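Structure first, then comments.
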Amino acid sequence: MSLATDNATRMRGPGFVRHDWTRPEVGALFDLPFPELMFRAQTVHREHFDPTEVQISTLLSIKTGGCPEDCAYCPQSARYYTGVQAEKLMTLDAVIAEARAAKSAGASRFCMGAAWRSPKDRDLDSVCEMVEAVKALGMETCATLGMLTPPQARRLKQAGLDYYNHNLDTSPEFYSRIITTRVYRDRLETLEHVRDAGIHVCCGGIVGMGETREDRVGMIATLAALPVHPESVPINMLVRVGGTPLADETPLDPIEFVRTIAVARITMPRSLVRLSAGREDMREETQALCFLAGANSIFYGPKLLTTPNPGRDRDRELMEKLGLTGME
Ligand code: SF4
């Protein structure tokens with residue numbers, strides 16, 4: 001990063017949140033010597049959060065498989081033979097039972113995911129009932145249902161939805177290599193509808209899909225230049241699922257993953273940065289480095305939609321070992 005940018009940030013004072021990050025500036029952060037990058041990320045993290053606290057979310061697939069979209073990483077696309085069976089939308093009672101279990105296991109936020117391009121209005125009515133019921137248990141609610149129209153976003157807000165997840169996935173340039181059934185602009189529009197409805201935004205991406213460093217820079221720069229930063233920024237490591245086009249992708253160097261987390265923390269200082277998919281195959285040491293780099297949110301529970309996630313016991317052990325506690 002240039003001296004001029006450093007000075008500009010200092011003059012605005014600690015705690016100042018920038019929305020004018022440029023790609024060269026984000027690229028310069030990625031290029032920093034690792035100890036320098038980690039120091040900066042930790043400094044920013046401590047200005048805004050207690051570094052010993054981790055927010056815990058649980059993600060439930062309320063409607064699995066059979067999705068018409070062609071996201072190259074996703075085992076739920078109907079276009080790939082991955083062994084995931086298409087299922088109907090779960091019943092309200094079954095969702096409530098899962099939410100209760102998640103709450104008693106320590107989750108403060110309950111996310112409901114459905115494999116749709118966009119929800120039909122009839123399905124949205126059912127999801128709204130689920131949101132109302134989960135909210136009544138005293139948990140924060142989150143949903144990820146695909147693209148939304150402005151009236152659909154408002155309907156979810158009325159039901160009490162706190163967060164909507166809609167990932168940008170990667171850089172604008174690399175997007176068409178991963179998904180051809182929609183365009184980047186569609187994603188940004190849904191994010192605008194969610195914001196306009198007054199729902200908090202959960203938005204991040206996936207690394208390790210064969211993208212370049214420049215694409216990772218482009219993804220973080222796009223997120224950090226949003227007029228309001230997403231309140232949650234999930235950073236996922238690709239889970240290479242057999243049958244998907246990315247099944248044989250070369251794994252990303254774990255240090256590059258940690259760098260991505262650190263740059264997200266520095267550029268979006270008030271957001272919860274979530275260490276998301278890919279933890280099942282991640283060594284404890286890498287996860288510990290991610291927490292040091294400013295990650296302060298995880299998904300808890302043995303499954304992330306359809307892919308494995310560390311069991312609750314393993315997570316509890318790791319958090320105890322690192323002296324981390326759940327964020328209220
Ligand atoms: S990521 Fe979502 S939209 Fe894409 S194929 Fe999977 S379920 Fe469908």
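Key figures
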{"quantity": "Candidates I261, I266 - the one that is open to solvent by less than 10 Å² (accessible area, probe 1.4 Å), at pLDDT 95 or above, assigned to a helix (DSSP H, G or I) and touching a helix residue (DSSP H, G or I) at 6+ places or on another chain (Cβ under 9 Å)", "calculated": "I261"}
{"quantity": "Members of region 166-184 that are among the charged types (D, E, K, R), open to solvent by 10 Å² or more (accessible area, probe 1.4 Å) and within 16 Å of the ligand (Cβ to nearest atom)", "calculated": "R177, R182"}
{"quantity": "Residue under evaluation T149, criteria (1) surrounded by fewer than 19 Cβ atoms within 10 Å (Cβ to Cβ); (2) in contact with a Lys or Arg (Cβ under 9 Å, 6 or more places away or on another chain); (3) touching a residue at least 40 places away in the same chain (Cβ under 8 Å), criterion not met", "calculated": "(2)"}
{"quantity": "Evaluation of T190 against (1) of a type in the set (S, T, N, Q); (2) open to solvent by 10 Å² or more (accessible area, probe 1.4 Å); (3) part of a helix (DSSP H, G or I) (one fails), failing number", "calculated": "(2)"}
{"quantity": "Subset of region 65-94 [within 30 Å of E317 (Cα to Cα) and either under 20 Å from the mean Cα position of the chain (by Cα) or not aliphatic (A, V, I, L, M) (or both)]", "calculated": "Y73, C74, P75"}
{"quantity": "Members of region 211-222 that are over 9 Å from W21 (Cβ atoms) and part of a helix (DSSP H, G or I)", "calculated": "R213, E214, D215, R216, V217, G218, M219, T222"}
{"quantity": "Within region 114-143, considering residues that are assigned to a strand (DSSP E or B) and of a type outside the set (D, E), the one nearest to the ligand (Cβ to nearest atom)", "calculated": "A114"}
{"quantity": "Within region 275-291, considering residues that are touching a strand residue (DSSP E or B) at 6+ places or on another chain (Cβ under 9 Å) and more than 14 Å from D253 (Cβ to Cβ), the one most open to solvent (accessible area, probe 1.4 Å)", "calculated": "E280"}
{"quantity": "Neighbours by Cβ (under 8 Å, 6+ apart or cross-chain): first from region 112-125, open to solvent by 90 Å² or more (accessible area, probe 1.4 Å); second within 12 Å of the ligand (Cβ to nearest atom)", "calculated": "R117/C67; R117/P68; R117/E69; R117/G146; R117/M147; R117/T181; R117/R182"}
{"quantity": "Qualifying positions in region 216-235 - open to solvent by 20 Å² or more (accessible area, probe 1.4 Å) and out of contact with any helix residue (DSSP H, G or I) (no Cβ under 7 Å at 6 or more places or on another chain)", "calculated": "T222, A225, L226, P227, E231"}
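The values are calculated or read from the model by the stated rules, or taken from the named source; none is laboratory data. Nothing here was measured: the structure is a model prediction, and the numbers come from that model. Using ideal geometry, Cβ is built from the backbone for each residue, glycine included, and neighbour counts are taken over all protein chains shown. Side chains are part of the model used for accessible areas, which takes the heavy atoms of the whole protein and leaves out ligands, DNA and RNA. Shrake-Rupley method; radii C 1.70, N 1.55, O 1.52, S 1.80 Å.
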